[in-house]
Amino acid sequence: MLKNYIFDLGGVLLDIRLQNAYERFTALGLPSAELAQGSCVYKLLEEYQLGYVTTENFCKQIADKCTKPATPQDIEQAWNSICIGVAERKLQALRRLRKKEGVVTVSLLSNTNALHWECSCKNWFNANGNKLEDFFDKIFLSQDLHLQKPDPEIFKAAIRELGATPAETIFIDDSPVNTAAAAACGLKTLTVTADVDWVEELSRFPNF
């Protein structure tokens, strides 16, 4: 029996479009080569996601690489343009899940960063009468744990903190690599794709 539900953020709860940031960074004069895997900016993004770089330094370093005048606020807006929104149906589904008989915890586990997390809370999870605690019992963020998926340690850390049994826990993510890593740690998994909607999938469960 599933007692614990762990959700990814981007691509599962939060609708995102990575191309938005690339387009805005390019418009600010950031060379496209800087966005390629292995580039200095790519490495900076990863360090920011792991919580080793502050938002102030993140924005300044990218602004310094732009060939056109760019303020930290420009960089912040460009980076947050990735975040499209959290559908109300998903928020309602989280609420229903937390009230479902037999469910012990509903948590969030995400590779994210300070700007995207603050944006998500400000505009959706803590907006329009919502409170973050309405949706989650525990929150596990890469920036706080200095760990990121698919490192098995991030799943183990979450399980320890929850006091959960892996076999009674399901992890929902849009990356097959991440769900495979969670499955290797003994968790049940659901991979969200264009054809797999987690709200519909979980609605098949009794009393959801």
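Here residue 90 clears all of (1) closer than 30 Å to residue 54 by Cα; (2) at pLDDT 95 or above except the condition numbered (1).
Taking the conditions exactly as written (surrounded by 15 or more Cβ atoms within 10 Å (Cβ to Cβ) and either at positive phi or among the aliphatic types (A, V, I, L, M) (or both)), does residue 87 satisfy them or not? For residue 87, the condition - surrounded by 15 or more Cβ atoms within 10 Å (Cβ to Cβ) and either at positive phi or among the aliphatic types (A, V, I, L, M) (or both) - is not met.
Looking only at segment 180-189, which residues are surrounded by 17 or more Cβ atoms within 10 Å (Cβ to Cβ) and of a type outside the set (Lys, Arg)?
Taking segment 180-189 and keeping what is surrounded by 17 or more Cβ atoms within 10 Å (Cβ to Cβ), we get 181-182, 185, 187-189.
Across segment 180-189, the qualifying residues are 181, 182, 185, 187, 189.
Yes/no per residue for (1) part of a loop (DSSP other than H, G, I, E, B); (2) of a type in the set (Phe, Trp, Tyr); (3) at negative phi:
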| position | (1), (2), (3) |
| --- | --- |
| 2 | yes, no, yes |
| 15 | no, no, yes |
| 19 | no, no, yes |
| 38 | yes, no, no |
| 41 | no, no, yes |
| 45 | no, no, yes |
| 62 | no, no, yes |
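One residue is enough: does segment 65-87 have a residue meeting the conditions without any contact (Cβ under 8 Å) to a residue 12 or more places away in the chain, assigned by TED's automatic domain parsing to the domain that holds residue 9 and over 20 Å from residue 175 (Cβ atoms)? Checked against the condition, which is being without any contact (Cβ under 8 Å) to a residue 12 or more places away in the chain, assigned by TED's automatic domain parsing to the domain that holds residue 9 and over 20 Å from residue 175 (Cβ atoms), segment 65-87 yields no hits at all.
With respect to (1) within 18 Å of the chain's Cα centre (by Cα); (2) more than 22 Å from residue 135 (Cβ to Cβ); (3) of a type in the set (A, V, I, L, M), the lone exception for residue 62 is condition (1).
From the set of residues in segment 130-162 that are of a type in the set (Gly, Ala, Ser) and under 12 Å from residue 107 (Cβ atoms), which is nearest to the chain's Cα centre (by Cα)? Spell out how you get there, then give the answer.
To start, the set of residues in segment 130-162 that are of a type in the set (Gly, Ala, Ser) comprises 142, 157-158.
After this cut, where a residue has to be under 12 Å from residue 107 (Cβ atoms) as well, the list is 157-158.
Numbers: 157: 17, 158: 15 Å.
The selected residue is 158.
For the residues 81, 175, 107, 120, the requirement of being touching a helix residue (DSSP H, G or I) at 6+ places or on another chain (Cβ under 6 Å), among the small types (Gly, Ala, Ser) and either over 12 Å from residue 4 (Cα atoms) or at pLDDT 95 or above (or both) singles out 81.
The values are calculated or read from the model by the stated rules, or taken from the named source; none is laboratory data. Small disclaimer: the values here were computed from a predicted structure and weren't measured. Cβ sites come from the backbone with ideal geometry, for glycine too, and all protein chains shown count toward neighbours.
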